[in-house]
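Enquirer: Okay, here's the structure, questions in a sec.
The values are calculated or read from the model by the stated rules, or taken from the named source; none is laboratory data. All values derive from a computational prediction rather than experimental measurement. Cβ sites come from the backbone with ideal geometry, for glycine too, and all protein chains shown count toward neighbours.
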Amino acid sequence: MARDEKQADKWRANKGEWSELYTAMRLIGDGKIALSYDTSTQATDVWMEVVGVIRKETKDRIVAYSMDENNTDVIIDVNGSPVAKVAASDFTVAADDLMDKIQHGKSTFTASEEAVTFLKLAEVLKLKAGSGDKNDIYLTTLDSRTGLKRDRIGFSIKSYFGNDPTLFNTASASGLIYQINGINDDDMNHINSLVDSKNHAAVQSRCDAIIETASSVVFKDYVIAKKAKVRAFRDNLELLNPLLPEAIEWILRDHFFHGNKDVNLPAAVNRLAQANPHQISRPHLKYQYMFKAFLYATYCRMTASTLWDGKGVVNGGYIDVSKTGKITCHYALESDEFKDYLYNLAYLDFPSTNPDHGDYGYVYKIDDDYFFNLNFQIRLRKI
């Protein structure tokens, strides 16, 4: 690849990746961020003053931005040494230009020469934070409600410029295994032949065919995680609540095999509570509580593929970027409100069935028995 092509690729990214940089530019330029705890309001009358922004481009390159004494210019430090001073208004202009390109451009695009010139001036050499860091950005803020200054708090950025952001990512290890009784090889081949208009596995059509053909569909267990070599997802869920593995299974069965298509998590949990398959007292409260715990644990880095010790890695929270470019902060440190925020926006989503992704949605045979896996992920919708 020629040098010019490599340079062009360096400034090429998808909308989600550009959103991280847009957030940094906007916060540096505006010097404030809307604060919200409640999904029923974006709390535009409550703001935190942003007095510092840090981007960890790599483990060896940390770029910090802070306002000068006159609140007109931004001082830029690289690894603790001041290297440049840029007008704050220039960051606001850059954010406006970038927002327009994200909103009206293609899903993946290359920055203009003018934009690249400014990014270099702003000491941006890498568009996305290092993959080893869960935090996309670090803020030093002054809370207008309390006067409390919080120094270098990490946040994850969730952007709605493109697809809704994912909270719980699917993996083959998050799969649920069902035994399909009363079918034969011809039935298996027919079910697996059902595809959609894009020649992808038609999972719902296959589930409908299973219900029509099979004598019974029996939930067996969760998939064994390849690296952990145990059913890590079940183990992690049981750590949160022993009933949670079966509660999640009930919701997936309700969707795929019983035809309830409302994917909003609160609605699905409400159906679960009404059915109350575990015959627990106060089912609405308890099922809601355990799913909020699951979402919060996911935020705290619990995954399906590795065993979790229950210790949360809690950063500042989420910064969400609306389709209009508005930036709002949701603090995880106030966990009850943050759990409500996650729960009220969460919905079930069903990703790719490819073996290297969800790895589900097809009948397979082991010895003389037939099996079928389901899988899911959880996204956050925008109110």
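Residue by residue, here is whether (1) outside the structural domain of residue 256 (by TED's automatic domain parsing); (2) of a type outside the set (A, V, I, L, M, F, W, C); (3) in contact with a Ser or Thr (Cβ under 7 Å, 6 or more places away or on another chain) holds:
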site: 189; (1), (2), (3): no, yes, no
site: 203; (1), (2), (3): no, no, yes
site: 209; (1), (2), (3): no, no, no
site: 213; (1), (2), (3): no, yes, no
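Enquirer: Which strands (runs of 3 or more DSSP E) does the stretch 1-95 wholly contain that include 3 or more residues that are in contact with a Leu (Cβ under 7 Å, 6 or more places away or on another chain) and at pLDDT below 95?
Expert: Answer list for the stretch 1-95: 47-58.
Enquirer: Does residue 193 fit the bill of being within 27 Å of residue 355 (Cα to Cα), without any contact (Cβ under 8 Å) to a residue 40 or more places away in the chain and surrounded by fewer than 17 Cβ atoms within 10 Å (Cβ to Cβ)?
Expert: yes
Enquirer: Quickly run through the stretch 322-380 and pick out the residues that are of a type in the set (A, V, I, L, M) and under 22 Å from residue 253 (Cβ atoms).
Expert: Answer for the stretch 322-380, where residues must be of a type in the set (A, V, I, L, M) and under 22 Å from residue 253 (Cβ atoms): 346, 348, 363, 366, 374, 378.
Enquirer: Considering only the stretch 178-190, state which residues are surrounded by 19 or more Cβ atoms within 10 Å (Cβ to Cβ) and either in a strand (DSSP E or B) or at pLDDT below 95 (or both).
Expert: Within the stretch 178-190, 178, 180 qualify.
Enquirer: Of all the residues that make up the stretch 284-343, how many are in contact with a helix residue (DSSP H, G or I) (Cβ under 7 Å, 6 or more places away or on another chain) and basic (Lys, Arg)?
Expert: Number of matching residues: 2.
Enquirer: When you scan the stretch 339-347, do you find a residue that is in contact with a Phe, Trp or Tyr (Cβ under 6 Å, 6 or more places away or on another chain) and either polar (S, T, N, Q) or within 15 Å of residue 35 (Cα to Cα) (or both), even just one?
Expert: no
Enquirer: Looking at 238, 246, which one is surrounded by fewer than 20 Cβ atoms within 10 Å (Cβ to Cβ), touching a residue at least 24 places away in the same chain (Cβ under 8 Å) and of a type outside the set (Val, Ile, Thr)?
Expert: 246
Enquirer: Just one of 158, 227 is crowded, with 16+ Cβ neighbours inside 10 Å and of a type in the set (D, E, K, R); which is it?
Expert: 158
Enquirer: Now a separate question. Any residue at all in the stretch 138-150 that is touching a residue at least 24 places away in the same chain (Cβ under 8 Å), outside the structural domain of residue 235 (by TED's automatic domain parsing) and in contact with a Phe, Trp or Tyr (Cβ under 6 Å, 6 or more places away or on another chain)?
Expert: There is at least one residue in the stretch 138-150 that is touching a residue at least 24 places away in the same chain (Cβ under 8 Å), outside the structural domain of residue 235 (by TED's automatic domain parsing) and in contact with a Phe, Trp or Tyr (Cβ under 6 Å, 6 or more places away or on another chain).
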